[in-house]
Each structure stands twice: as C-alpha cells, then as structure tokens.
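Here it is, the structure, as structure tokens.
The values are calculated or read from the model by the stated rules, or taken from the named source; none is laboratory data. Small disclaimer: the values here were computed from a predicted structure and weren't measured. Reconstructed Cβ throughout: ideal geometry from the backbone, glycine too, with neighbour counts over all protein chains shown.
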Amino acid sequence: MTGAAILAQAGNAAPSVGDADWADACASAVSAGFDMRLVGIVLLEPLPAELTWAALTAGVEAYKRREATFGLTGYVDLQGAAIRIARDYLEAVAPIIARYATVGIA
C-alpha cells in the first residue's frame, strides 16, 4: 500500500504536500493494521487481489476521514439519517482479512 495509490483512488490528481504526507501516513497505518491482523501468515507474491483491493479501500477511507466533519460523511441513507464513518477503518474489510487469518488455530 502506498500513499500514491490512495491519492489516485481518492481522485486527488494534484495533491498538496500535506495531502501526500497524510496519504503516506494512512498507507503506513493500513499496512501496519493488515500486518497485525495477518501476523504469522505466509502470503506469496502477488498478493490475492481481494487483499490488495481491501487495503486500498481501507486506505482511502482512512484518508477521507479528514473530510468527515464530526464523523459524518456528508451523505444520508434512504431514511435521511446521516452516515457516520466507522471507528476502525479496517472494519469494512475485516471479513476479507479474516479469510486469510488463522485465529485460534494452534
């Protein structure tokens, strides 16, 4: 996961230095989160496409958090309730990560 990939997926074609630094920080955080959840797992290159997609999705969510005033995304659901971002940016991709983790197996 790279900051440049996050910026490209987020549609930021002309990032400022601050945007690039934030995207790099988000990429590091997502990579560390994946490493922690997949500790001890051996994955061969290239990585499974769904893990790469999940990392990019989580990276963009982490990057876009700066724009979510008071945790609100600026969108509403069909009932008109404001949509909040998740507390953990890996929450949405946790089921994908779980397919590769061997939690509880000795």
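Does Ala13 qualify as being assigned to a loop (DSSP other than H, G, I, E, B), of a type in the set (A, V, I, L, M) and farther than 22 Å from Pro95 by Cβ? It would help to see each step written out before you state the result.
Numbers: assigned to a loop (DSSP other than H, G, I, E, B): yes; of a type in the set (A, V, I, L, M): yes; farther than 22 Å from Pro95 by Cβ: yes.
Against the criterion (assigned to a loop (DSSP other than H, G, I, E, B), of a type in the set (A, V, I, L, M) and farther than 22 Å from Pro95 by Cβ), Ala13 qualifies.
Also, quick follow-up: For Gly18, indicate whether it is out of contact with any Gly (no Cβ under 9 Å at 6 or more places or on another chain), at pLDDT 90 or above and assigned to a helix (DSSP H, G or I). First the steps, then the outcome.
Values: out of contact with any Gly (no Cβ under 9 Å at 6 or more places or on another chain): yes; at pLDDT 90 or above: yes; assigned to a helix (DSSP H, G or I): yes.
Spelling it out, Gly18 is indeed out of contact with any Gly (no Cβ under 9 Å at 6 or more places or on another chain), at pLDDT 90 or above and assigned to a helix (DSSP H, G or I).
With the checklist (1) loosely packed, with under 11 Cβ neighbours inside 10 Å; (2) at pLDDT 95 or above in hand, flag the one item Asp35 doesn't pass.
Evaluating Asp35 over (1) loosely packed, with under 11 Cβ neighbours inside 10 Å; (2) at pLDDT 95 or above leaves (2) as the failure.
Please state which one of Ala49, Ala92, Ala81, Ala62 is closer than 16 Å to Gln9 by Cα, at pLDDT below 90 and either among the small types (Gly, Ala, Ser) or touching a Cys at 6+ places or on another chain (Cβ under 9 Å) (or both).
Numbers: Ala49 fails: at pLDDT below 90; Ala92 fails: closer than 16 Å to Gln9 by Cα; Ala81 fails: closer than 16 Å to Gln9 by Cα.
Step by step, each of Ala49, Ala92, Ala81, Ala62 is checked, and only Ala62 is closer than 16 Å to Gln9 by Cα, at pLDDT below 90 and either among the small types (Gly, Ala, Ser) or touching a Cys at 6+ places or on another chain (Cβ under 9 Å) (or both).
Pull up the stretch 1-25, narrow it to residues that are in contact (Cβ under 8 Å) with a residue 40 or more places away in the chain and not aliphatic (A, V, I, L, M), then point me to the one that is farthest from Leu56 (Cα to Cα). Spell out the reasoning first.
The first filter runs over the stretch 1-25 and keeps only residues in contact (Cβ under 8 Å) with a residue 40 or more places away in the chain, leaving 1, 5-7, 9-10, 22-23.
Pick out the ones that are also not aliphatic (A, V, I, L, M) and you get 9, 22.
Values: Gln9: 8, Trp22: 15 Å.
Top of the filtered list is Trp22.
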